[in-house]
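Reviewing the structure listed below.
What follows is calculated from the coordinates using simple rules that are stated; it is not laboratory data. Since this is a predicted model, take the numbers as computed values, not measurements. Virtual Cβ from ideal backbone geometry, glycine too; neighbours counted across all protein chains shown.
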Amino acid sequence: MLGLFRRQKTETETPAGAATRVYSDLVDPVVMDQIGNLELLSRTVVDGLLAGKHRSSTKGGCCEFAQHRQYASGDEIRQIDWQVYARNDRYFIRQFEEETNLHAMLAVDSSGSMKFGLSTESKLEFAKRTAACLARLLLHQRDSVGLTVLNEQRSRFVPAKQHAAHLRAILAALQAAEAEGAGGLCGQIQHCVARQRRRGLFVLLSDCFGDLEELATALRIVRARGHDVVVMHVLAPEELTFDFRRWSAFQSLELASHRIHLDPPSVRKQYLQRVRTFVTDLENMVVGLGGDYVRMTTATDLGDALGWFLRNRMARRGTGRR
């Protein structure tokens, strides 16, 4: 795939995307404004300790107070919080949550192919921003969230915690992540999921380049452990269009010794067919396992992409496989 290679520019070419976009804050406030009123819900039963928005695997227990909302016509009078009325002279209803919190793990691929970015930011930077916004959203929901950076040389693991200050640890790990080395997601995913003590949500952010059968094996293990699986497939627009016109040299981003020279127009049709097959096979594999597949490009507005995913998932809540 194109993401495994970096096109080497000649002196006569105009450098595309030469200005690197630098993000001082991974949690984009514009994106959070777009998704702040949405929720990331589990489609399967989860194990939890605190009150939250997700179905629990345990029975019984007590209700936990969630929030107040203004009284509306038709509400039961017994639900009115009279102490709040005494202070504000206004009627408010006490809302409770009887379910459990979500235990989520965000897995960000930082292999060499994720370094690719030509007309946009790199796939890794896009994945990091996506993970940061999801982490912020989950913590705002009072859910537990952790992070693992999938890399053969410099893997990182931040255990899932629920308190708001935990966001700093996640952002620090994301900021330090760099794209380098070969892939090999299968073993890294299995190692990561073995460290998750409670079943919950597993979100993979990756270009998924590599052996799909090996990736399928890893995700089957994740599902067998009872986790809800989401694969956010991050691609650069050039990987889907291969819109190159001149004879070019492509350097591997994972194996420095690999370089090829070719005429892009002569191989474009074959390349695009292989990409379509790869993307379709990946989507069918993830959906076949009972997971969610989300295709994203680095040229996509992140707020729009996350908003679509979250609204779609909320609409399908309760349809997840057990």
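Using the 10 angstrom Cβ neighbour count as an exposure proxy, how do Thr300, Thr148, Thr280, Thr217 rank, fewest first?
Working: Thr300 17, Thr148 25, Thr280 10, Thr217 13.
By the 10 Å Cβ count, ascending, the order reads Thr280, Thr217, Thr300, Thr148.
If each Cα of region 141-261 is one equal point scatterer, what is log10 of I(q)/I(0) from the Debye formula at q = 0.11 Å⁻¹?
Normalising to I(0) and taking log10 leaves -0.47.
Could you please tell me the mean projected area of the C-alpha convex hull for region 130-210, averaged over all directions and given in square nanometres to one decimal?
Dividing the Cα hull surface by four gives the mean projection, 5.3 nm².
Run the quick spin-label model on Glu213 and Ser119: label points 7 Å from Cα toward the beta carbon, then report their separation in nm to one decimal.
3.6 nm
Full extension from Glu178 to Arg156: what is 0.36 nm times the residue separation minus their Cα-Cα distance, to one decimal in nm?
That pair, Glu178 and Arg156, stretches by 6.8 nm at full extension.
Using the number of other C-beta atoms within 10 angstrom as an exposure proxy, rank Phe92, Phe242 with the fewest first.
Least crowded to most crowded, the residues run Phe242, Phe92.
Tell me the relative contact order for region 179-277 as a rounded percent, counting alpha carbon contacts under 8 Å between residues six or more apart.
With pairs under 8 Å counted, the relative contact order is 27 percent.
Semi-axes of the equivalent ellipsoid of region 206-322: what are they in whole Å, largest first, if each equals the square root of 5 times a C-alpha gyration tensor eigenvalue? Walk me through the intermediate numbers first.
Values: eigenvalues 200, 63, 28 Å².
Ellipsoid semi-axes (Å, largest first): 32, 18, 12.
Between Gln251 and Arg295, with labels modelled 7 Å along Cα→Cβ, what's the label distance in nm to one decimal, could you check?
The answer from the label model is 3.0 nm.
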